[in-house]
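Comments concern the structure below.
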Protein chains: 2
Amino acid sequence: MSVTAAAGFRAAGVAAGLRSGGGPDVALVVNDGPQAAAAAVFTTNRCVAHPVRWSKAAVSDGVARAVIVNAGGANCYTGAPGFQLTHATAETVADDLGIGAIDVQVCSTGLIGHLHDRNAMLAGARAAVAALGADGEQAAKAILTTDSVSKQTAAGGDGFAVGGMAKGAGMLAPALATMLVVLTTDAEVDAATCDRALRAATRSTFDRLDSDGCMSTNDQVLLLASGASGVSPPYETFAAAVHTVCHDLAQQLLADAEGAEHEITIEVCGAATEGDAVEVGRAVARSNLFKAAVFGRDPNWGRVLASVGTTAAAFDPLNLDVSLNGVPVCVASTPAAGPDRVDLTGRRVDVVIDLKAGAESATVWTNDLTHGYVHENSAYST
Amino acid sequence: MSVTAAAGFRAAGVAAGLRSGGGPDVALVVNDGPQAAAAAVFTTNRCVAHPVRWSKAAVSDGVARAVIVNAGGANCYTGAPGFQLTHATAETVADDLGIGAIDVQVCSTGLIGHLHDRNAMLAGARAAVAALGADGEQAAKAILTTDSVSKQTAAGGDGFAVGGMAKGAGMLAPALATMLVVLTTDAEVDAATCDRALRAATRSTFDRLDSDGCMSTNDQVLLLASGASGVSPPYETFAAAVHTVCHDLAQQLLADAEGAEHEITIEVCGAATEGDAVEVGRAVARSNLFKAAVFGRDPNWGRVLASVGTTAAAFDPLNLDVSLNGVPVCVASTPAAGPDRVDLTGRRVDVVIDLKAGAESATVWTNDLTHGYVHENSAYST
């Protein structure tokens, strides 16, 4: 149930002293092969951290043999010393593993504008190489920031495995990968296959998770393939396993979002296009008013429609259906069952919006807007 | 200092029993002429309330002689009886005033999906006509919902006046008018001039106020011109007075936003186009993370840059400047003065973002994200 669920991988998590309060803060995952195919998706934010710049270039040849992740500093907007530290980190890992730095992916997470200590980081990298083993637990713990629990998963195929770990508890807004995720597989797949399966999976999982509408500067979802199983699964089989681990990790991220008291599933059906469905789902997912209402257990479907109306999707404003937790509260744009029939006391809230304009659909996930969210995010850097 | 500051207008505010908790909830403003030029801007939300549908059609001929506003129900997504009530309300006012219903604008505010009581509404309309007088105070009070204070203003020109009142304390997101505003003038101006001046003024005032990113279904900004002063000011003079009252009311709305503890002014300069500047300002204004940080008095400029990076504006991500309350915290995308030098204890927060890509600029206003916002909006309809 971790990045080491797939054969050919070792992992480590060590405490390098980067994280205030202590605990493991440097994770390393190494692909011992025989193959080293890799693919990654990154944040589409134009303001990105140094590790994203480095990793985009390093993975562009479809090869990666290791990934090092640190908490305790995003290394974003840290000036020239920031890029130098990313580079030196990759070099240090590479030297100790006897590989090239260009085959080392680097991820960082923490406060923007804060450069973590260079000596501590490089010592941590060396310690992580020395600590490599079959257990992925410490690695999964070392990458967390405000997460309350570690996120790990694994899925099996016919003779091959896909494993994974993730961190992320805020800034979960999409436009590609929106958190740090390391996936591993022992399937025999080339980089192009990894890329295709990864993009297909992230598109309908991480990319549709929109916790707070904010896009991070540091996100990376990386898939490493060792080929150690000797099994070359059909594409659909492989892609299904990659989708399974992505979906599972995305749901774990949703469940652990900062301060959240509800997980909200927004299903938009009857759309003319899938793009319309996603646009409507995202608009509702970003309505602070609706999300605050859910926190208050108030089935305020008017705030759903007010968000739907901000989109360019095809629909007739006078013929929309909305249901909340299975209760039709608005039918043909007219009030239906009374809000007193809707029970929002549980953690799960299902919103279904029928645009009655076609046969396409999409699901977007979000959380409620709570006092806990405001509290956690009003006291982060200080 | 109200809608009756301009000659030729009478106003009233009465308690019709629509508002839970009592108090005035129906406002009426009547233009006694001699002229009846009018212009209005409406929410660009596609899901709109019945009064918006009615008023858009009614004002399309550039004539309006009265506007009736009710709190206690938005009359949005209330089915056919909702439109019938809007129509009947206009008819009732028109009958009692001896004018045509098509010259009566209607505005409603309150909960979506809730239809206020028909008999109470129509009785309130009649009572409002009977109560018409020179004092605009009661009208300004009757239109409030979660507002804590009434918003009124007036500006003078050479022999003419512009007055106004507004309501709005949430859902202040733009794409045109974003609240209920009634403006009056005794200048001799035709409907086309009213329209031109009103659109120019709202574009840089109400349209750049983005309290919580949520767009209302009911917004209307209406300008009524009586010509009672007998003065025909030059366009620039008239437009300047309209801009002054719009800016003043917008700032009053900003200061009274639900739960807000800070007013945040986001000035984007060095932009290639004004559109770029607005896009960047709006992106920052909608960052829950940045707004929560301001609530916590945390000068977290990384969250500013993370929002800037989500836009398509022209800029070099490695050459951005940010200052907070006059302190340069990021220069050329590199940390500058320490955050400990930034004092966010006051209500006013000034963010300046220099894109270094041109000579255009724009200012967007927003509020912080607070426990008060979550509290007010999690317990509204129930």
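Read-outs: derived from the displayed coordinates by stated rules, not from any lab. Because the structure is predicted, anything quoted here is derived from the model rather than measured. Positions of Cβ are generated from backbone atoms using ideal geometry, with glycine treated the same way; all protein chains shown enter the neighbour counts.
Across the residues of A:282-289, average count of Cβ atoms on other protein chains within 10 Å?
Per residue, the number of nearby Cβ atoms from other chains is 5 on average.
Tally Lys and Arg at +1 and Asp and Glu at -1 over the other residues with C-beta under 14 Å from the C-beta of B:I143: what net charge comes out?
After counting each charged neighbour, the total is -1.
State, to one decimal in nm, how far the label point of A:A359 lies from the label point of B:S60, with both points 7 Å from Cα in the Cβ direction.
3.6 nm
With a point put 7 Å past each Cα toward its Cβ, work out how far B:D340 is from B:D32 in nm, to one decimal.
So the two model labels end up 6.6 nm from each other.
Segment A:263-377: percent of C-alpha pairs farther apart than 21 Å? Don't jump to the answer; show the numbers that get you there.
On the way: 1971 of 6555 pairs.
Result for the distance tail: 30 percent.
Averaged over A:306-318, how many beta carbons belonging to a partner chain fall within 10 Å of each residue's beta carbon?
Per residue, the number of nearby Cβ atoms from other chains is 5 on average.
Can you pull the semi-axes for segment B:93-240, root of five times each eigenvalue of the Cα gyration tensor, sorted largest first, whole Å? All intermediate terms of the calculation are to be shown ahead of the outcome.
On the way: eigenvalues 129, 97, 37 Å².
Calculated on Cα positions only, the semi-axes equal 25, 22, 14 Å.
Just the Kirkwood number for the protein assembly as shown, please: inverse of mean 1/r across all distinct Cα pairs, in Å, one decimal.
27.4 Å
Using a Förster distance of 30 angstrom, determine the FRET efficiency expected from the C-beta separation of A:F83 and B:A272, and round it to 0.05.
0.65
Given B:V327, B:F83, A:W54, which one lies farthest toward the positive end of the charge dipole of the protein assembly as shown, if we put +1 on the Cβ of every Lys and Arg and -1 on the Cβ of every Asp and Glu?
B:V327
Taking each label point as 7 Å beyond Cα in the direction of the beta carbon, state the distances from A:R347 to the same residue in the other copies, shortest first, in nm.
4.0
Taking the number of other C-beta atoms within 10 Å as the exposure measure, put B:R126, A:R208 in order starting with the fewest.
Fewest-to-most ranking of B:R126, A:R208: B:R126, A:R208.
Counting Lys and Arg as +1 and Asp and Glu as -1, what is the net charge of the other residues whose Cβ lies under 14 Å from the Cβ of A:G346?
Spelling it out: positives minus negatives among the neighbours equals -2.
When each copy gets a label point 7 Å from Cα toward the beta-carbon at A:T265, what are the spacings between them in nm, shortest first?
Its label point is 4.8 nm from the equivalent points in the other copies.
Under 12 Å between alpha carbons, and skipping anything fewer than 8 positions from B:K141 in its own chain: which aspartates and glutamates qualify?
B:D25
Note down the relative contact order for segment A:70-138 as a percent, whole number, built from C-alpha pairs under 8 angstrom at least six residues apart.
43 percent
B:L318 to B:S20: extension gain in nm, 0.36 nm per residue of separation minus the Cα-Cα distance?
101.9 nm
In peptide A:332-340, how many Cβ atoms from other protein chains are near each Cβ within 10 Å, on average?
3
Could you please rank B:D210, A:D276, placing first whichever residue has the fewest other Cβ atoms within 10 Å of its Cβ?
Final ranking by Cβ density, sparse to dense: A:D276, B:D210.
What base-10 log of the normalised intensity I(q)/I(0) is obtained for chain B from the Debye formula, alpha carbons as equal point scatterers, at q = 0.10, 0.13 Å⁻¹?
-0.63, -0.99
Once you keep just the Cα pairs under 8 angstrom separated by 6 or more residues, what percentage relative contact order results for segment A:263-377?
On the way: 244 pairs, mean separation 52.3, N = 115.
Normalised by residue count, the contact order of segment A:263-377 is 45 percent.
Quick one: net charge around A:V231, please, counting Lys, Arg +1 and Asp, Glu -1 for every other residue with C-beta under 12 Å from its C-beta.
With Lys, Arg at +1 and Asp, Glu at -1, the neighbours total -3.
Using alpha carbons only, what's the Rg to Rh ratio of segment B:243-328 with Rh from Kirkwood?
Details: Rg = 13.8 Å, Rh = 14.1 Å.
Dividing the radius of gyration by the Kirkwood radius yields 0.98.
From the helices alone, meaning DSSP H stretches of at least four residues, give me the mean residue ellipticity at 222 nm for chain A, per-run term -39500 (n - 2.57), in deg cm²/dmol to the nearest 500.
Mean residue ellipticity at 222 nm (helix-derived): -9500 deg cm²/dmol.
Hey, for A:P34 with labels 7 Å out along Cα-Cβ, what do the inter-copy distances come to in nm, ordered shortest first?
9.9
My understanding is that a pair violates if its Cα-Cα distance is over 30 Å; which of A:K167/A:K356; A:K291/B:K167; B:K56/B:K356; A:K356/B:K56; A:K151/B:K356 do that in this structure?
Violating the 30 Å Cα-Cα cut-off are A:K167/A:K356; B:K56/B:K356; A:K151/B:K356.
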